[in-house]
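Each remark here refers to the structure printed beneath this line.
We did not get these values from a lab; they are worked out from the coordinates using the rules stated. In this text the structure is predicted, and so the values were computed from the model without any measurement. Glycine also receives a Cβ, built like all others from the backbone with ideal geometry; neighbour counts cover every protein chain displayed.
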Amino acid sequence: MKLALWQGAGTPGDLTATVAAAAQAIDDAAQAGAALLVFPEGFLTGYHIPDLAPGGLPGVEAALSQVGAAARASGLGVVMGTHLDRPEGLRNAAVVFGPDGAELGRYHKRALFGGWEKATFVPGDAPCRFRLGGATVGVLICYDVEFPELVRAEAQAGADLVVVPTALMAPHDRVARQMVAVRALENQIFLGYCNRAGTEPGMSFVGLSSISGPRGQTLAQAGTGEETEMILAELDLSEIARERAEASYLDDLVELPGL
């Protein structure tokens, strides 16, 4: 299974331009042989929208339908970061499409970061997993991955791969540089961490998107936040079993005394 991550940004406030950019990235990923393409947190709508309030996201559902159509035309799965205006309130979300364009699920970010997110969004309360290319894939968003319990729960539920649309801004690059690979290693899974590029009001994104393997090894690494680029890696799912054959953190955890 080949995984692709698009480190970039759409055009906040211009859904037409953003969908066109997404469709081009989807086609490029398909041409490169990818089975799954992940976009950053808030790619469709923009991430940091200071005055965002219910009613402030017109056209998003129609734009998501166009993303699904692009996925179907190219025949690959897509995870799209977007904000959603739902009856229960605004959500920071990732919407998953299968290679046939059908929507496979919506994940709502559970660990909201900072005052703006907590004041703007309703937190999610449930996981999202799907099957693609013989793999079970779990979805988290940005700050979620900084909680080892959330990644561990995905691994315990059978996820081979966890994908993480992200909007990691300066000065927090230590998360991308130090923490992400450890989450893959300590759960012996693959992990795709897809960050934004560029800037938004009051924020400069650090880039450093990466694909990590079950030994914590770096399979692909993007540059810093000024660089828009696609990274790809072939995931050998049998590597998970090989890595766990001698010592499985998941199996050994349940045998530890006192826990």
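A compact table of results
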read-out: Likely footprinting exposure, L161, L253, fewest C-beta neighbours within 10 Å first; value: L253, L161
read-out: Between segment 1-34 and segment 76-127, the Cα center-to-center distance that results, in Å; value: 18
read-out: Exposure proxy ranking, count of Cβ atoms within 10 Å, fewest first, for H108, H172, H48; value: H172, H48, H108
read-out: Gyration tensor (Cα) of segment 154-259, equivalent ellipsoid semi-axes in angstrom; value: 30, 15, 10
read-out: When segment 202-259 is reduced to its Cα atoms, the Kirkwood hydrodynamic radius in Å; value: 14.2
read-out: Beta bridges per DSSP with both ends in the chain, % antiparallel, nearest 5; value: 70
read-out: Helix-only [θ]222 nm of the chain, DSSP H runs n ≥ 4, -39500 (n - 2.57) each, per residue, nearest 500; value: -8000 deg cm²/dmol
read-out: Mean separation of Cα contacts under 8 Å (6+ apart) over length of the chain, as relative contact order %; value: 19
read-out: 3J(HN,Hα) from dihedral phi, segment 238-243, Karplus parametrisation 6.51/-1.76/1.60, rounded to Hz, x for glycine, proline; value: 5, 5, 4, 5, 5, 5
read-out: For segment 41-75 versus segment 188-218, the gap between their alpha-carbon centres in whole angstrom; value: 21
read-out: Within a Gaussian network of the chain (alpha carbon springs, distance under 10 Å), most fluctuating of G114, G225, G213; value: G114
read-out: For V162, residues with placed amide H under 5 Å, excluding near neighbours; value: G138, F190, L191, G192
read-out: Neighbour-limited loop hits for GluC sites (Glu not before Pro), segment 176-241 (at most 13 other Cβ within 10 Å; DSSP other than H, G, I, E, B); value: E226
read-out: Cubic angstrom per residue, convex hull over Cα atoms of the chain; value: 118
read-out: Order of E200, E246 - criterion: other Cβ atoms within 10 Å of each residue's Cβ, fewest first; value: E246, E200
read-out: Under 5 Å, built H, 5+ apart or other chain: amide partners of E200; value: F205
read-out: Net lengthening on full extension, R215/M203 (0.36 nm per residue, minus Cα-Cα); value: 1.1 nm
read-out: Under the Karplus curve 6.51 cos²θ - 1.76 cosθ + 1.60, θ = phi - 60°, whole-Hz ³J(HN,Hα) for segment 41-51, x wherever Gly or Pro sits; value: 4, x, 4, 5, 9, x, 8, 8, 10, x, 9
